[in-house]
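Take a look at the structure below.
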Amino acid sequence: MRTKIIAVGVALAMVAGGCGSEREGAGSTDGSSAPAKGFAADSLIGVALPSKTSENWVLAGGLFTAGLQEAGFQGDVQYAGASTTVADQQAQITAMITKGAKVIVIGATDAAQLSTQVAQAKQSGAVIIAYDRLITNTPDVDYYIAFDNFKVGQLQGQALLDGMKAKKATGPWTIELFSGSPDDNNSGVFFNGAMEVLKPAIASGDVVVGSGQTDVKQTATQGWKAENAQSRMDALLTSTYGSKTLDGVLSPNDTLARAIITSVKGAGKPVPVVTGQDSEVESVKSIMLGEQYSTINKDTRKLVTETINMVKTLQTGAEPEVNDTKSYDNGKKVVPAYLLPPVIVTKATAAEAYADDPKLAPLTK
Ligand code: GAL
């Protein structure tokens, strides 16, 4: 089903399952002589976040600082800088290990560039939780916690189709595809989820990708930077949409959705159906004005709360709850995951979706 799972993944799943039971064996099932797991209730917990590429990351830092403190831990929350992101994050994780962090929560800035640091962390006895973004090519990630990324993509693909149908009852509809930063493992997962929904419509000719650019590499937006999406959209408008109408754009998140809309408006063209993600304030406003078509609600408050719950469980020496042990093969193991359900939001559903969000609810009135 999920394109990330390959035959090798199944074999790895079995290996990972084996490791898991061995670990349990050492900790609980082999009786009282087992070494005590868990750690002191006021331990240091490191949180290494990427740079602030979207509002959810800005929110997460403050929520982790407050939540860890409230739970009685010493929190050490760091963001990678705006430019030297990978090196920054590597150094921050190393510093957390040196200071004796018992758990390190990581929102990876580059999925594939942390294997040395997480190996060191493991050696020091720390538990590694990949937060929101998976860390790849390492056996040293213990847990993954995120909103279901593949589902996010599927919801975006479906919203794009629904939005275009609502505007123009019959096809063919002409679209363009955008994906996120190639160093973020989520980007491919979002894209694959969306393409699972869009491919049949593309195959039947109901949906046409005007530029023909359907590969994740061609559609990528380095660094999740708005200016990169805007300049690619500018170029596409010039190359492909002189006289042709653009009906829809698959955008992986809100920051890029607004950049795409800015580009289209700048070219004096009507705003197409544009998807998004993250429920950013400016995008919720745009949705209520009837410009951006959809976003995804991935409530950062919930994700941070569940992550801190995981840390609390680890502190007691118990195994945290996971609800997916097959989808997230990182190339070295299938990482046990706790996935939360994302929610699609359009103008019609915004009031209900944000009813319990004091920041967003007033925007939907
Ligand atoms: C992703 C995250 C998205 C979005 C993006 C840009 O990893 O899941 O919600 O924030 O990063 O920073």
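Percent of alpha carbon pairs in the stretch 71-196 separated by more than 20 Å?
Values: 4135 of 7875 pairs.
When every Cα pair of the stretch 71-196 is considered, 53 percent fall beyond 20 Å.
Computing the accessible area with a 1.4 Å probe over protein heavy atoms, can you report the carbon and sulfur percentage for the stretch 283-352?
The value for the stretch 283-352 is 53 percent carbon and sulfur by accessible area.
Cross-link candidates for LYS333: which aspartates and glutamates have Cα within less than 12 Å, leaving aside residues fewer than 8 places away along the same chain?
Excluding near neighbours in sequence, the set is ASP140, ASP142.
Quote the relative contact order of the chain in percent (integer), defining contacts as alpha-carbon pairs under 8 Å separated by 6+ residues.
19 percent
I want to verify the translational diffusion coefficient of the chain in µm²/s; compute it with Stokes-Einstein, Rh as the Kirkwood radius over Cα pairs, at 37 °C and 0.692 mPa s. Don't jump to the answer; show the numbers that get you there.
On the way: Rh = 21.4 Å.
It comes out at roughly 153 µm²/s.
With only Lys, Arg, Asp and Glu charged, each at its Cβ (+1 for the first two, -1 for the last two), find how big the charge dipole of the stretch 56-187 is about the Cα centre; round to the nearest 20 debye.
Around 280 debye, computed over the stretch 56-187.
Starting from the stretch 66-158, pick out the trypsin sites (Lys or Arg not before Pro) whose DSSP state is loop and whose Cβ has at most 13 other Cβ atoms within 10 Å.
Of the trypsin sites (Lys or Arg not before Pro), the ones in loops of the stretch 66-158 whose Cβ has at most 13 other Cβ atoms within 10 Å are LYS99.
Hey, what number do you get for the chain at 222 nm if only DSSP H runs of n ≥ 4 count, each worth -39500 (n - 2.57), divided across all residues, to the nearest 500?
Calculated at 222 nm, the ellipticity per residue is -13500 deg cm²/dmol.
Given a 10 angstrom Cα cut-off, can you work out which residue in THR275, THR84, THR94 is the most mobile in a GNM of the chain?
Of THR275, THR84, THR94, the most mobile in the Gaussian network model is THR84.
How much net charge surrounds SER263 when only other residues with a Cβ under 12 Å from its Cβ are counted (Lys, Arg +1; Asp, Glu -1)?
Here the charged neighbours net out to +1.
Take the residue pairs LYS302/LYS359; LYS244/LYS269; LYS52/LYS312; LYS167/LYS269 and return only those whose Cα atoms are more than 18 Å apart.
From LYS302/LYS359; LYS244/LYS269; LYS52/LYS312; LYS167/LYS269, over 18 Å: LYS52/LYS312.
With +1 on the Cβ of every Lys and Arg and -1 on the Cβ of every Asp and Glu, and nothing else charged, how large is the dipole of the chain about its Cα centre, in debye rounded to the nearest 20? Write out the running numbers ahead of the final one.
On the way: 32 positive and 37 negative charges, 136 e Å.
For this selection, approximately 660 debye.
Taking a cut-off of 13 Å between Cα atoms, list the aspartates and glutamates near LYS165, but don't count ones fewer than 8 places away on the same chain.
ASP206, ASP247
Per residue, how much accessible area does the chain have with a 1.4 Å probe, in Å²? The partial results should precede the final answer.
On the way: 15350 Å² over 365 residues.
With all protein chains present, the chain gives 42 Å² per residue.
For the chain, modelled as a GNM with alpha-carbon contacts under 10 angstrom, which of LYS347, LYS168, LYS285 fluctuates the most?
Looking only at LYS347, LYS168, LYS285, the largest GNM fluctuation is found for LYS168.
For a quick check, take a GNM of the chain with Cα springs below 10 Å and name the residue from ALA220, ALA166, ALA351 with the largest mean-square fluctuation.
It is ALA166.
The values are calculated or read from the model by the stated rules, or taken from the named source; none is laboratory data. Because the structure is a prediction, the values reported are computed rather than measured. Here the Cβ is made from the backbone with ideal geometry for all residues, glycine too, and neighbour counts use every protein chain on show. For the accessible areas, the whole protein counts, side chains as well, though only heavy atoms, and no ligand, DNA or RNA atoms are used. Shrake-Rupley method; radii C 1.70, N 1.55, O 1.52, S 1.80 Å.
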